Amino acid sequence: MHTLSSLGKLRVFRKRGQLNREIMLFRVFENTDVAAMARIRAGEWGEVGYWANRISGYLEGRHHPQHALPPRRCYVAVENEEVVGFVAGHLTRRYGCQGELEWINVLPEWRGKNVAAELLRLMAGWFVEQEALRVCVDVEPSNSVARTFYRRHGAEDLNRHWLVWNDISVAL
């Protein structure tokens with residue numbers, strides 16, 4: 001199993017200047033993570049079964065977002081052997097972009113602890129390795145929290161529903 005920890009990339013997070021005692025492991029997803037990822041997505045919208053089929057189909061290349069190209073990548077954040085967040089993305093031709101951030105989700109109790117920021121950083125690194133610098137993400141116009149997060153990490157408005165990084169390396 002390839003994990004980021006094997007590369008010496010365990011992260012210890014600080015919140016409000018205090019050391020957070022939890023150590024978070026970030027790694028490439030495994031098929032056994034899909035059920036937990038589906039539960040995380042279903043916490044926001046939809047049913048677990050729907051998301052399990054959608055996520056596994058996406059990661060196995062059976063579900064194709066418009067203009068999606070292979071390959072695809074997904075990272076998970078794990079604390080005490082529990083998946084607490086994940087990010088997924090793929091190469092694309094949508095809106096003249098080279099990459100698309102498909103999902104980023106973190107359990108509510110882990111929000112505000114830099115988990116999403118680290119997941120985005122890992123995904124950005126993968127896009128850069130793929131030479132896919134222009135990356136888009138679909139964001140519901142009413143989702144001000146997500147829009148603020150992406151803008152804080154360098155994304156700009158593309159249109160009403162989409163934001164874009166003209167160079168995703170700014171999120172590294």
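The values are calculated or read from the model by the stated rules, or taken from the named source; none is laboratory data. Computed from a prediction, not measured in an experiment: that's the story for all the values here. Positions of Cβ are generated from backbone atoms using ideal geometry, with glycine treated the same way; all protein chains shown enter the neighbour counts.
Assorted remarks:
- Checked against the criterion of being surrounded by fewer than 16 Cβ atoms within 10 Å (Cβ to Cβ), of a type outside the set (A, V, I, L, M, F, W, C), within 24 Å of Gly43 (Cα to Cα) and within 16 Å of the chain's Cα centre (by Cα), the candidates Gly57, Gly112, Gly85, Gly89 yield just one match: Gly112.
- Residue within segment 111-129 that is over 23 Å from Phe26 (Cα atoms) and either part of a loop (DSSP other than H, G, I, E, B) or aliphatic (A, V, I, L, M) (or both) present: no
- Entry remark, segment 60-82: residues being surrounded by fewer than 21 Cβ atoms within 10 Å (Cβ to Cβ), among the charged types (D, E, K, R), more than 12 Å from Asp33 (Cβ to Cβ) and touching a residue at least 40 places away in the same chain (Cβ under 8 Å) number 1 in total.
- Residue match in segment 5-16 (condition: out of contact with any helix residue (DSSP H, G or I) (no Cβ under 6 Å at 6 or more places or on another chain), part of a helix (DSSP H, G or I), modelled with pLDDT of 95 or more and surrounded by 13 or more Cβ atoms within 10 Å (Cβ to Cβ)): no
- Matching residues in segment 72-101 - criterion: being closer than 16 Å to Phe127 by Cβ and β-branched (Val, Ile, Thr): Val87, Thr92
- Checking each residue in segment 126-154 for being more than 16 Å from Val87 (Cα to Cα), in contact with a helix residue (DSSP H, G or I) (Cβ under 8 Å, 6 or more places away or on another chain) and surrounded by 13 or more Cβ atoms within 10 Å (Cβ to Cβ) picks out Ala132, Leu133, Arg134, Gly154.
- Considering each residue of segment 130-144 in turn, at least one proves to be touching a residue at least 40 places away in the same chain (Cβ under 8 Å), touching a Gly at 6+ places or on another chain (Cβ under 7 Å) and of a type in the set (Gly, Ala, Ser).
Yes/no per residue for (1) among the aliphatic types (A, V, I, L, M); (2) at positive phi:
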{"site": "Arg41", "(1), (2)": "no, no"}
{"site": "His63", "(1), (2)": "no, no"}
{"site": "Arg73", "(1), (2)": "no, no"}
{"site": "Asn80", "(1), (2)": "no, yes"}
{"site": "Val83", "(1), (2)": "yes, no"}
{"site": "Thr92", "(1), (2)": "no, no"}
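- Matching residues in segment 95-134 - criterion: being closer than 20 Å to Thr148 by Cα and among the acidic types (Asp, Glu): Glu100, Glu102, Glu109, Glu118
- Filtering segment 82-110 to residues that are in contact with a strand residue (DSSP E or B) (Cβ under 9 Å, 6 or more places away or on another chain) and over 23 Å from Trp162 (Cβ atoms) leaves Val83, Val84, Leu107, Glu109, Trp110.
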